[in-house]
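The values are calculated or read from the model by the stated rules, or taken from the named source; none is laboratory data. Since the model is a prediction, treat every value here as computed from it, not as a measurement. Positions of Cβ are backbone-derived with ideal geometry, glycine not excepted, and every protein chain shown enters the neighbour counts.
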Amino acid sequence: MSTESVAVKAQQALKVHQTLWDISVPGRSGVRLPDSDVPTQPMPDAALLRSELPLPELSELDVVRHFTRLSQKNFSVDTNFYPLGSCTMKYNPKINDVIASMPGFSGIHPLQPESTVQGALELMYNLQGILQEITGMPASTLAPLAGAHGELSGVLMIRAYHERNGNPERKVMLIPDSAHGTNPASASMAGFDVVTVPSDAQGNMDLKALEAVADDKLAGLMITLPSTIGLFDPGIVEVCEIVHKAGGLVYGDGANMNALLGRVKLNDLGFDVVHLNLHKTTSTPHGGGGPGAGPICVGEKLIPFMPSPVVERHGEDEQTNFKLTSPPNTIGTLSAGHGNFGVLVRSYAYLRALGIDGLRQASGDAVLNANYLLKRLQHLYYLPYDRMCMHEVVFSGRWQKAQGVKALDISKRLIDYGVHPPTMYFPMIVEEALMIEPTETESKETLDVFVAAMETIAEESSQTPEVLTEAPHHTPVGRLDEARASRQPNVRWRPLETQQS
Amino acid sequence: MSEHPSDLRYTKEHEWVRVEDDGTATIGITFFAQDQLGDVVYLLLPKVGSAIEQDRKMGEVESVKSISDLFGPLSGEVLEINKDVIDHPERVNEDPHEAGWLIKVKPSNKDEFTKLLSTEEYGQAIAS
Amino acid sequence: MTESFPHSYFPHTESQRREMLAVVGVDSVDALFADIPQQFRNPDFVLPPALTELELGRELGALARKNAVPGEYASFLGAGVYRHFIPSVVPAMISRGEFLTSYTPYQPEVSQGTLQATYEFQSLICLLTGMEAANAGMYDGASAMAEAALMACRVTDRDRVLVLDTVNPRYRAVLDTYLLPQGITITTVAPDKVSVNDTTACVLAQYPNFNGGIEALGDLADSAHQVGALLAVSANPVALGMFKAPGDCGADIVTGETQPVGVSMSFGGPFVGYFTCKNDYIRQMPGRIVGRTVDHDDRIGYVLTLQTREQHIRRERATSNICTSEALIATGTAVCLAALGPGGLRQMAELSYQKAHYAATVIGAISGYEVLNDGTWFHEFVVKCPKPPNETTQGLLERGIIGGLDISSSVPNGMLFCVTEMNTRSEIDALAEALGQIAKAV
């Protein structure tokens, strides 16, 4: 065999797909622990014990190579630009990870006596305070473990509020047609009937339609600000007034908070409860799908109903003492812990690093970057809402669709230019939607490279559309057969003898 | 193959009905429906022996990116479900009016037939 | 308020900003916020001044040092969150930027790392629990148990659940939060008082239970199945290193807290709840699911599958509202199980068992202390103490020991002690000595 073909074969071997079971060799040793140092205790009845433990057997280097190679198949913020609308994929500062790994934070048990974790409780208390200041709301809890978890808490609180006021018949939750899917899903889990309210042609809430459904069955409205189309609804105060007048409460989905940091207080606009996505707005890493955190900030009316725990401060100076407390009419607990503390530490570090000037810088540059992309791309991609945007801009792939190229194809082709696709097909009210959120941590050079890629793609769309419809071309795998994955779900490894075709 | 054969009757919810010689009704979803759904991956059909009602939800058809309710085009007792389509949902895309049939039903109320649409009426309904 | 705040996280220079503003066609960044009503725009915010990275490390380090760390203190605290050995390969892998800073894998071509790691997590969890299908993870063990109950109600089309009173009280509380708003009735019973009928959707049990005891899962499965109900078990994955898998005992849904396998205790989170079920119910499972398939060139690849169950498609009819979950933690679990292997996991379980039983023997021998566990139990045990738990806890802290959990609300002067492979014999002996001294103190 020639030297060249040996090299080629070696290269190919590196690309061969392998699972842990392909690498496993029976008898290979993993981690060893020290032998028992206590007198031998009688073991349980064998009938209660398992005879086989069918896990793969790997050496330590096997594990390291396997997962390191896997990681190299991923895009990540550390390596690529992610213009994902509504996800706020900003830089994740490394100091936050270092601090979260300190033994005093990563090694403590949630049920330790409170006197032994005053540092952790103080951090949580301070973070509550900062989030309250940012939103202008008087109280908060860090308990929810993700945005959707925060939404569930918020709507459960609204339900508890009405029940306590003797209005359990208020069963309707209004949700805009542009809402993120978690909104109606959360409302449904809380036992509400979901009624959809349309957006008007400018992408704002249709006030007449809202008034028509704001009756005595109304429990509340869930609304995202800026909206999921990246626009600040100038009628937001009136929206809140209409809902309040009908006896309902307003829930704010804070997913797009990056546009508003340091610019406006949500409490002033009339919101009764909002959640924040710390893994979006406050830079905590996405981890491939979590962990996140979805703390909620609440107005006066809902304070007694907050989920537990809330951190309170008692005493002063040397007598200062932080405690985990339960609000008097709490909706209860949503998890066995106090919140995703490891995420909270990172968020707190980030917010302390920015201060108010940094927060305003973040929202300012985020909105500037999005508008810069709007101006540079609007002659090539249809802009359904021809007005200044906030931190994200929504284009429609409708011009390209006329040439047989879908938003999906544009997205997949961007991968060949080293850019993660933007958010596609959301919100549902925009045809062939492409939602682009650059965030403030991307440089002008990166944005210009992105614009160049989008310009090229627009040209390819009319000249060589098959380059788009067959994209991406340079990834470890191409477009995958999702129908097959749904028809014959294969969601776990099986030994060869029990495999189906 | 005609997109919407004239020997079938239709509903606005994109089901078709074929009345067989023995009086039973075969039911499926239309060419238009499977085209809109994309690759069908899973079907949730009513059990044999159960009753379905005209215009009431009777099951679900799932594609990769969406899921739609199936509505009873008429009322009756479910006599048979198409096992081939359960094991190979792609039949619904390949041949929605023949091999892709979903259930066979014994109709309970002949008057309900008047509510079904003809080929022309269905064609107009989907054009709008 | 300054417009420009030089900071290493923000790349724009002043001249770049001016250039971009010119393209946008406005004079200032503030003008970009004109849609915010004037009277609400730019209020005052009172926040502490920004810290440099050096100051951040100093100030937050001081907060960290105020906490007593298990390891620096001998710790015998469990109750759902456990201190086990975390192999160094785990933090080494999950601190890699490609795993840490990547997004949810909706674009599979650029997410094969996350997707395959998740598929391997699902596979490992299925092998451990003896179940057929698993999802990509839930928030934690408690919410996973609640979602199991909701799923059982959907599958059986019933609205009553039965939960054993030996389930972790914190998990029991989360069941209320999730189930009651959907009109589901929850009945709590002792394991020997289980009574089901054809309105019962499921029986919920914990394995080992909150007091460390091993429930008779086979009997519970039989009782449930006789009335067409499901058995849903919440199982500790380390215990599954030695005890029979719930799937082999007849469980229909097995969930649990994966934290004991490779996840730092981190004051309660982030953790990851695992969720498994029989293949028949796979379309009713909440959360993301990774499936294996091929591309057009027949190369094996992984994708998110059965997405129509989820909120972004099904919306108000979704199986759950969960979106962001705990993917990185699940990846860490996969790394940990791969590193431990069957030998390491079994050893971890057996060491914990041995040391806990030794501790129970020496503590039970101290005058005034009574160990209440009988039958088979894993690595936690209930001790009835001579003094109230807060006194005992204080006395132990003074001697550099974090003791068991105060459970006096259900057992008079009761404390729940946990021992794992991380506790040495001398720590256990020192604990016994300390308890003896505390009992004698006036």
Counted residues, the stretch A:473-485 - those being within 9 Å of chain B (Cβ to nearest Cβ) and either touching a helix residue (DSSP H, G or I) at 6+ places or on another chain (Cβ under 8 Å) or of a type in the set (A, V, I, L, M, F, W, C) (or both):
2
Can you tell me how many residues in the stretch A:388-410 are more than 26 Å from A:Gly254 (Cβ to Cβ) and within 14 Å of chain C (Cβ to nearest Cβ)?
4
Just give me the residues in the stretch A:90-121 being in contact with a helix residue (DSSP H, G or I) (Cβ under 6 Å, 6 or more places away or on another chain), facing another protein chain (nearest Cβ under 7 Å) and assigned to a helix (DSSP H, G or I), in sequence order.
A:Ile95, A:Ile99, A:Gly104, A:Phe105, A:Ser106, A:Gly119, A:Ala120
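Picking from C:Val90, C:Val81, which residue would you name as being touching a residue at least 24 places away in the same chain (Cβ under 8 Å), more than 7 Å from every other protein chain (Cβ to nearest Cβ), surrounded by 21 or more Cβ atoms within 10 Å (Cβ to Cβ) and β-branched (Val, Ile, Thr)?
Working: C:Val81 fails: more than 7 Å from every other protein chain (Cβ to nearest Cβ).
Just one listed residue meets the conditions, C:Val90.
Matching residues to (1) over 21 Å from A:Leu447 (Cα atoms); (2) free of Cβ contacts under 8 Å to residues at least 60 places away in the same chain:
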| residue | (1), (2) |
| --- | --- |
| A:Asp386 | no, yes |
| A:Val393 | no, no |
| A:Gly397 | no, yes |
| A:Gln400 | yes, no |
Quickly run through the stretch A:84-94 and pick out the residues that are at negative phi and within 14 Å of the chain's Cα centre (by Cα).
A:Leu84, A:Gly85, A:Cys87, A:Met89, A:Lys90, A:Asn92
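For the stretch C:276-287, which residues satisfy the criterion of being part of a helix (DSSP H, G or I) and more than 7 Å from chain A (Cβ to nearest Cβ)? Can you show your working first?
Restricting attention to the stretch C:276-287, the residues satisfying the condition of being part of a helix (DSSP H, G or I) are C:279-284.
Those that are part of a helix (DSSP H, G or I) and more than 7 Å from chain A (Cβ to nearest Cβ): C:Asn279, C:Asp280, C:Tyr281, C:Arg283, C:Gln284.
So, in the stretch C:313-352, exactly how many residues are in contact with a strand residue (DSSP E or B) (Cβ under 9 Å, 6 or more places away or on another chain), over 22 Å from C:Tyr103 (Cα atoms) and either free of Cβ contacts under 8 Å to residues at least 24 places away in the same chain or facing chain A (nearest Cβ under 7 Å) (or both)? Talk me through it step by step, then tell me what you get.
Within the stretch C:313-352, the subset in contact with a strand residue (DSSP E or B) (Cβ under 9 Å, 6 or more places away or on another chain) is C:313-317, C:320, C:322, C:325-326, C:330, C:333, C:349, C:352.
Cutting the leftovers down to over 22 Å from C:Tyr103 (Cα atoms) gives us C:316-317, C:349, C:352.
The next check asks that each one be either free of Cβ contacts under 8 Å to residues at least 24 places away in the same chain or facing chain A (nearest Cβ under 7 Å) (or both); those that pass are C:316-317.
Summing the residues that are in contact with a strand residue (DSSP E or B) (Cβ under 9 Å, 6 or more places away or on another chain), over 22 Å from C:Tyr103 (Cα atoms) and either free of Cβ contacts under 8 Å to residues at least 24 places away in the same chain or facing chain A (nearest Cβ under 7 Å) (or both) in the stretch C:313-352 gives 2.
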Checking the structure you have, find out if any residue of the stretch A:366-374 is small (Gly, Ala, Ser) and touching a Phe, Trp or Tyr at 6+ places or on another chain (Cβ under 7 Å).
no
Being of a type in the set (Val, Ile, Thr) and loosely packed, with under 14 Cβ neighbours inside 10 Å is the filter here; which residues of the stretch A:457-482 pass it?
A:Thr464
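Could you run through the stretch A:242-271 and say how many residues are under 16 Å from A:Leu210 (Cβ atoms), touching a residue at least 40 places away in the same chain (Cβ under 8 Å) and within 23 Å of the chain's Cα centre (by Cα)?
Applying the first criterion (under 16 Å from A:Leu210 (Cβ atoms)) to the stretch A:242-271 yields A:242-252, A:269-271.
Then drop every residue that is not touching a residue at least 40 places away in the same chain (Cβ under 8 Å), which leaves A:243, A:247-249, A:251, A:269, A:271.
So of that shortlist, the ones also within 23 Å of the chain's Cα centre (by Cα) come out as A:251, A:271.
Final tally of qualifying residues: 2.
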When the residues of the stretch C:18-40 are filtered to those that are of a type in the set (D, E, K, R) and more than 7 Å from every other protein chain (Cβ to nearest Cβ), which remaining residue is surrounded by the fewest Cβ atoms within 10 Å (Cβ to Cβ)?
C:Asp27
State all residues of the stretch A:69-78 that are farther than 19 Å from A:Ile436 by Cβ and either at the interface with another protein chain (Cβ under 7 Å from one of its Cβ atoms) or crowded, with 24+ Cβ neighbours inside 10 Å (or both); if no residue qualifies, say none.
A:Leu70, A:Ser71, A:Gln72, A:Lys73, A:Asn74, A:Asp78
Out of all the residues in the stretch C:41-68, which are among the basic types (Lys, Arg) and more than 7 Å from chain A (Cβ to nearest Cβ)?
C:Arg58
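Going by what's in this entry, would A:Leu152 be described as at the interface with chain C (Cβ under 9 Å from one of its Cβ atoms) and assigned to a helix (DSSP H, G or I)?
Working: at the interface with chain C (Cβ under 9 Å from one of its Cβ atoms): yes; assigned to a helix (DSSP H, G or I): yes.
Judged against the criteria, A:Leu152 is a match.
Going by the conditions given, is A:Val430 buried (at least 23 other Cβ atoms within 10 Å of the Cβ) and part of a loop (DSSP other than H, G, I, E, B)?
Judged against the criteria, A:Val430 is a match.
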What single numbered condition from (1) at the interface with chain C (Cβ under 8 Å from one of its Cβ atoms); (2) closer than 28 Å to A:Ala336 by Cβ; (3) in a strand (DSSP E or B) fails to hold for A:Val194?
(2)
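Limited to the stretch B:52-64, what total is found for residues that are surrounded by fewer than 22 Cβ atoms within 10 Å (Cβ to Cβ) and more than 15 Å from the chain's Cα centre (by Cα)? If you could, list the steps in order and put the result at the bottom.
First, the residues of the stretch B:52-64 that are surrounded by fewer than 22 Cβ atoms within 10 Å (Cβ to Cβ): B:53-57, B:59-60.
Then keep just the ones that are more than 15 Å from the chain's Cα centre (by Cα); that gives none.
Total satisfying the criteria: 0.
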Members of the stretch C:51-78 found to be within 30 Å of C:Pro6 (Cα to Cα) and in contact with a Leu (Cβ under 7 Å, 6 or more places away or on another chain), listed by number:
C:Glu59, C:Leu63
Those residues of the stretch A:281-292 which are facing another protein chain (nearest Cβ under 8 Å) and closer than 18 Å to C:Asp140 by Cβ amount to A:Gly287, A:Gly288, A:Gly289, A:Gly290, A:Pro291, A:Gly292
Take the residues in the stretch C:190-217 that are exposed (fewer than 15 other Cβ atoms within 10 Å of the Cβ) and not polar (S, T, N, Q), then tell me which one is farthest from A:Arg50 (Cα to Cα).
C:Asp198
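Given the criteria part of a helix (DSSP H, G or I) and either free of Cβ contacts under 8 Å to residues at least 24 places away in the same chain or β-branched (Val, Ile, Thr) (or both), does A:Ala485 qualify? Step through it out loud before you land on a result.
Details: part of a helix (DSSP H, G or I): yes; either free of Cβ contacts under 8 Å to residues at least 24 places away in the same chain or β-branched (Val, Ile, Thr) (or both): yes.
The answer is yes for A:Ala485.
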Note on A:Asn183: of the conditions (1) assigned to a helix (DSSP H, G or I); (2) at pLDDT 95 or above; (3) not aliphatic (A, V, I, L, M), unmet is (2)
Looking only at the stretch C:169-192, count every residue that is small (Gly, Ala, Ser) and either touching a residue at least 60 places away in the same chain (Cβ under 8 Å) or closer than 16 Å to A:Leu334 by Cβ (or both) and tell me the total.
1
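What do you reckon, is A:Ala143 at pLDDT 95 or above, over 23 Å from C:Ala144 (Cβ atoms) and either among the small types (Gly, Ala, Ser) or not assigned by TED's automatic domain parsing to the domain that holds A:Gly342 (or both)? Full working, then the answer.
Values: at pLDDT 95 or above: yes; over 23 Å from C:Ala144 (Cβ atoms): no; either among the small types (Gly, Ala, Ser) or not assigned by TED's automatic domain parsing to the domain that holds A:Gly342 (or both): yes.
No; evaluated as a whole, the condition is false for this residue.
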Which condition number does A:Ser51 fail, the rest of (1) assigned to a loop (DSSP other than H, G, I, E, B); (2) farther than 28 Å from C:Ser123 by Cα; (3) more than 7 Å from chain C (Cβ to nearest Cβ) being met?
(2)
Determine which single condition C:Pro48 fails, assuming it passes every other condition in (1) without any contact (Cβ under 8 Å) to a residue 24 or more places away in the chain; (2) outside any loop (DSSP other than H, G, I, E, B).
(2)
Within the stretch C:93-127, can you find the residues that are more than 7 Å from chain A (Cβ to nearest Cβ) and more than 11 Å from C:Ala334 (Cβ to Cβ)?
C:Tyr106, C:Leu115
